[in-house]
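Below is one structure; the comments refer to it alone.
The values are calculated or read from the model by the stated rules, or taken from the named source; none is laboratory data. A quick note: this is a predicted structure, and the numbers were derived from the prediction, not measured. No Cβ is skipped: glycine too gets one built from the backbone with ideal geometry, and neighbour counts run over all protein chains shown. Heads up: the accessible areas ignore ligands, DNA and RNA and are worked out on the full protein's heavy atoms, side chains in. Shrake-Rupley method; radii C 1.70, N 1.55, O 1.52, S 1.80 Å.
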Amino acid sequence: MKSTIYNSLTDQKKLGKKAFAVLIDPDKVNRKILDELIRLSVDAKVDHFLVGGSLVISSNLDDCVQYIKQHCTIPITLFPGSPSQVSRYADALLYLSVISGRNPELLIGQHVISAPLVKQSGLEIMSTGYIVVDGGAPTTVSYISNTYPVPSDKPEIAMCTAMAGEMLGMKLIYMDAGSGAKRPIPENMIKLVADHIEVPLIVGGGIVTPEKAYLNCKAGADMIVVGNAIEKETSLILEMGAAVHSAPVRTV
Ligand code: 1GP
């Protein structure tokens, strides 16, 4: 099985370098918006595009991924909200198990159903322990997954969940307050989780300022994901990229 993207993430982590990922929802972009996103992302040295969402209503996924591929070399990782969101034109796929929840369908059920399709896609598959954290309001992900998020003032629950995910063999941990969260994940929770796992830690949901992206990296996040804020103001890509790439090796 391929491991190009994963190896680049672990190599970056060893060097203390932080990665910036722009989340693209295929339902919310057209070619004009994609042109702008790609231009700014290349300028900002964006490390990854994540493509997907809790709901992908249209059939734009393949078109969207192919269009990005044709216009830049930034790797594309799928962030699927459902088993139908697989495009063989991408580079990799986050094979998500919602380990913060107790919904068997999202822990293993949908994986069983989609396994042959996912394998046939030829994509690099990265098993990912997905931890949904309370972001201050019900988000699409908590509604769709029918799970309770981890309370944001209980960092030890997130820590134990991430440790369990890592020991079960998951290659990445993704802590997400949900798209458009009112409150992003607090730094003390990020730090506690980062201190107790060795695999790369992805953090997203409700990050709207470069300062918060920087502080999350300082607390131990290895990759920062931003979607909503960039949808509202595309030029934020440049500041977010600069903030993430200037973050030091964890010191707090
Ligand atoms: C959501 O982590 C991502 O799953 C990004 O969230 O859209 O709030 O940036 P935002």
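Some observations on this one:
- Nitroxide proxy distance, nm - points 7 Å out along Cα→Cβ at Ile144 and Leu55: 0.9
- In the distance distribution for the stretch 176-252, Cα-Cα pairs more than 20 Å apart total 23 percent.
- Radius 10 Å from Cβ of Gly53, net charge of other residues (Lys, Arg +1; Asp, Glu -1): -1
- Nitroxide proxy distance, nm - points 7 Å out along Cα→Cβ at Ile108 and His196: 2.3
- GNM flexibility winner over the chain from Asn103, Asn30, Asn228 (Cα, springs under 10 Å): Asn30
- In units of the rule-of-thumb radius 2.2 N^0.38 Å, the stretch 66-148 shows an alpha carbon radius of gyration of 1.19.
- Rounded accessible area per residue of the stretch 1-110, 1.4 Å, Å²: 49
- Using only side-chain charges placed at the Cβ, +1 for Lys and Arg and -1 for Asp and Glu, the dipole size of the stretch 192-252 relative to its Cα centre rounds to 80 debye.
- In terms of its C-alpha gyration tensor, the stretch 5-148 comes out rounded, because the ratio a/c of the largest to the smallest axis stays below 1.5.
- Modelled label positions at Lys45 and Lys154, each set 7 Å beyond Cα in the direction of Cβ, lie 4.0 nm from each other.
- Probe 1.4 Å, all protein chains present, accessible-area order of Leu117, Leu15, Leu23, Leu215, largest first: Leu15, Leu117, Leu215, Leu23
- These residues, Met170, Met223, go from largest to smallest accessible area, 1.4 Å probe, as Met170, Met223.
- Label-reachable residues, the stretch 11-25, where backbone N falls under 15 Å from a point 7 Å from Ser246's Cα toward its Cβ: 18
- Accessible area of the stretch 22-106 belonging to carbon and sulfur atoms, whole % at 1.4 Å probe: 51
- Computed over neighbours whose Cβ is under 14 Å from that of Ile113, the net charge equals 0, Lys and Arg +1, Asp and Glu -1.
- Highest mobility in the GNM of the chain, judged by mean-square fluctuation with C-alpha springs under 10 Å and restricted to Ile144, Ile24, Ile230, is found for Ile144.
- In straight-distance terms, cross-link reach from Lys218 covers every one of the aspartates and glutamates whose alpha-carbon lies under 14 Å from its own, apart from those fewer than eight places away in the same chain; here that gives Glu187, Asp195.
- Label zone (Asn188, point 7 Å along Cα-to-C-beta; backbone nitrogen cut-off 15 Å) within the stretch 125-169: 151-159.
- Solvent-accessible surface of protein heavy atoms, probed at 1.4 angstrom with all chains present, puts Asp176, Asp134 in the order Asp134, Asp176, largest first.
- Comparing Met167, Met159, Met126 in a Gaussian network model of the chain where C-alpha atoms under 10 Å apart are linked, the largest mean-square fluctuation is found at Met167.
- Pairs of Cα atoms farther than 27 Å apart, the chain, %: 28
- CD proxy at 222 nm, helix term only [per DSSP H run n ≥ 4: -39500 (n - 2.57); per residue of the chain; nearest 500]: -11500 deg cm²/dmol
- 12 Å beta-carbon shell around Ser41, net charge (K/R +1, D/E -1): -2
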